[in-house]
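The values are calculated or read from the model by the stated rules, or taken from the named source; none is laboratory data. On a predicted model such as this, the values are computed, not experimentally measured, just so you know. As a convention, Cβ positions derive from the backbone with ideal geometry for all residues, glycine included, and neighbour counts pool all protein chains shown.
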Amino acid sequence: MPPGVPVLRVRLRIGACLSLSGRFAQFGQHALRGLEAWCSLDGAAELLAEDDRSDRRALEAALPEVAGRCDLLLGPYSTVLMRAAGRVAAGADWLAWNHGGSGHDDRAHDTRPSADPWNYRASARGPRS
């Protein structure tokens, strides 16, 4: 940037439902520490993290509130929970960044567009290409 030109610094709000308790807590807490480290080093990011208690229903209840308060929505750290988050995100036409769900085994049972764990943004028009 040339001298004298003002630099606009926008604070990025990152939201995530993470398993801070329950059976996936070890992984959710590690993800939280990594995100906190990134935010502290970056200085332009603010983290909003909610405990999904390693529970699909708790995640489904918390996700809309978190999504409404952030610029970037990260999915939970669990394939089971990411699938649930994907269905919620698809129904609301949100984009949820999958950083922790890695399974790809449910496609044979469920052919809805939101069932594909690599494509969590879907709408009435079908999956994004």
Next on the checklist: Just to verify a result, which residue in segment 10-27, among those that are of a type in the set (Gly, Ala, Ser) and touching a Cys at 6+ places or on another chain (Cβ under 9 Å), is surrounded by the fewest Cβ atoms within 10 Å (Cβ to Cβ)?
Outcome noted: Gly15
Checklist entry - On the given criteria, is Arg128 surrounded by fewer than 13 Cβ atoms within 10 Å (Cβ to Cβ), modelled with pLDDT of 90 or more and more than 14 Å from the chain's Cα centre (by Cα)? => result no
Next on the checklist: Suppose the filter is at pLDDT 95 or above and in contact with a helix residue (DSSP H, G or I) (Cβ under 7 Å, 6 or more places away or on another chain); does Leu47 pass it?
Outcome noted: yes
Checklist entry - How many of the residues in segment 49-65 are buried (at least 16 other Cβ atoms within 10 Å of the Cβ) and over 19 Å from Thr79 (Cα atoms)? => result 0
